[in-house]
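Visitor: The structure under discussion is supplied below as structure tokens; questions concerning it will follow.
The values are calculated or read from the model by the stated rules, or taken from the named source; none is laboratory data. Because the structure is predicted, anything quoted here is derived from the model rather than measured. Methodologically, a virtual Cβ is constructed for each residue, glycine included, from the backbone with ideal geometry; neighbour enumeration extends over all protein chains shown. Accessible surface areas use protein heavy atoms only, side chains included; no ligands, DNA or RNA. Shrake-Rupley method; radii C 1.70, N 1.55, O 1.52, S 1.80 Å.
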Amino acid sequence: MAGKRSAGLLLYRRTAGGLEVLVGHMGGPFHAGRDAGSWSIPKGEYGPEERPEAAARREFEEELGLPAPEGARVPLGEIVQRSGKTVTAWAVEGDLDPADAVPGTFTMEWPRGSGTLREFPEMDRFAWLTPEAAAPLLIKGQQAFLERLLAHLA
């Protein structure tokens, strides 16, 4: 995994109840039935021929099946996940209904060693959560993006 790079968008909105961020639960059998550490910002890998910000926009659209929101992008910098993957993210203010999402899919052999290929959603559900509620659900390294967004908005 070392050397791989991902880019993503952290969508946020301001409501009467306060700030909320959009996060997604990772699909597939490894995250089924788990919450803590199984949520992520919409993100995905990109190669050297693609700019990170363009990849973040593309991945948002692929993972939600909805266009990435317009608006100013707030750079949230990079983090390195435990896997060694470097993730770059931007925050953007916007709103959407998670019920409208049509997640992209991936194919993998499941169960392992069975020879059976199955298709799974990249993210199987999305939710608007307060940063405090989202933090323990996110992959540990991505929690820094929430902290950076809060610092920017303070």
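Visitor: Residues that are open to solvent by 40 Å² or more (accessible area, probe 1.4 Å): list the helices (runs of 4 or more DSSP H) wholly contained in the range 37-154 that include at least 3 such residues.
Guide: On the way: elements: 52-64, 131-134, 143-153.
Counting at least 3 such residues, we get 52-64, 143-153.
Visitor: Residue check: is Gly37 of a type outside the set (A, V, I, L, M, F, W, C) and either over 14 Å from the mean Cα position of the chain (by Cα) or closer than 12 Å to Arg125 by Cβ (or both)?
Guide: No, not satisfied.
Visitor: Tell me, please, whether a residue that is at pLDDT 95 or above, under 23 Å from Gly3 (Cβ atoms) and either out of contact with any Leu (no Cβ under 6 Å at 6 or more places or on another chain) or of a type in the set (Asp, Glu) (or both) can be found in the range 113-125.
Guide: So far as the range 113-125 goes, no, none of its residues is at pLDDT 95 or above, under 23 Å from Gly3 (Cβ atoms) and either out of contact with any Leu (no Cβ under 6 Å at 6 or more places or on another chain) or of a type in the set (Asp, Glu) (or both).
Visitor: Here's something else I'd like to know. How about the range 88-100: which of its residues are within 21 Å of Leu19 (Cβ to Cβ) and either touching a residue at least 40 places away in the same chain (Cβ under 8 Å) or among the hydroxyl-bearing types (Ser, Thr, Tyr) (or both)?
Guide: Selection gives Ala89, Trp90, Ala91, Val92, Glu93, Gly94, Asp95, Leu96, Pro98.
Visitor: Take Lys4 and tell me if it is without any contact (Cβ under 8 Å) to a residue 60 or more places away in the chain, on the phi < 0 side of the Ramachandran plot and among the basic types (Lys, Arg). Spell out the reasoning first.
Guide: Details: without any contact (Cβ under 8 Å) to a residue 60 or more places away in the chain: no; on the phi < 0 side of the Ramachandran plot: yes; among the basic types (Lys, Arg): yes.
Judged against the criteria, Lys4 is not a match.
Visitor: Further question on the same structure: Condition first: in a strand (DSSP E or B), open to solvent by 40 Å² or more (accessible area, probe 1.4 Å) and among the β-branched types (Val, Ile, Thr). Can you find one or more residues in the range 11-18 that meet it?
Guide: From the range 11-18, those in a strand (DSSP E or B) are 11-15, 18; that's our starting set.
Now narrow it down to the ones that are open to solvent by 40 Å² or more (accessible area, probe 1.4 Å): 13-15.
This time we only want the ones that are among the β-branched types (Val, Ile, Thr), so: 15.
For the range 11-18, residues in a strand (DSSP E or B), open to solvent by 40 Å² or more (accessible area, probe 1.4 Å) and among the β-branched types (Val, Ile, Thr): present.
Visitor: Here is a follow-up. Is one or more of the residues making up the range 50-61 among the aromatic types (Phe, Trp, Tyr), in contact with a strand residue (DSSP E or B) (Cβ under 7 Å, 6 or more places away or on another chain), under 18 Å from Leu146 (Cβ atoms) and touching a residue at least 60 places away in the same chain (Cβ under 8 Å)? It would help to see each step written out before you state the result.
Guide: Looking only at the range 50-61, we keep the residues that are among the aromatic types (Phe, Trp, Tyr), and these are 60.
With in contact with a strand residue (DSSP E or B) (Cβ under 7 Å, 6 or more places away or on another chain) added as a condition, the list becomes 60.
Remaining after also requiring under 18 Å from Leu146 (Cβ atoms): 60.
Now restrict to residues that are touching a residue at least 60 places away in the same chain (Cβ under 8 Å): none.
Among the residues of the range 50-61, not one is among the aromatic types (Phe, Trp, Tyr), in contact with a strand residue (DSSP E or B) (Cβ under 7 Å, 6 or more places away or on another chain), under 18 Å from Leu146 (Cβ atoms) and touching a residue at least 60 places away in the same chain (Cβ under 8 Å), which makes the answer no.
Visitor: Can you pull out the residues in the range 1-25 that are within 18 Å of Val80 (Cβ to Cβ) and touching a strand residue (DSSP E or B) at 6+ places or on another chain (Cβ under 7 Å)? Working first, answer last.
Guide: The first filter runs over the range 1-25 and keeps only residues within 18 Å of Val80 (Cβ to Cβ), leaving 1-8, 10.
Hits for the range 1-25 are Lys4, Arg5, Ser6, Ala7, Gly8, Leu10.
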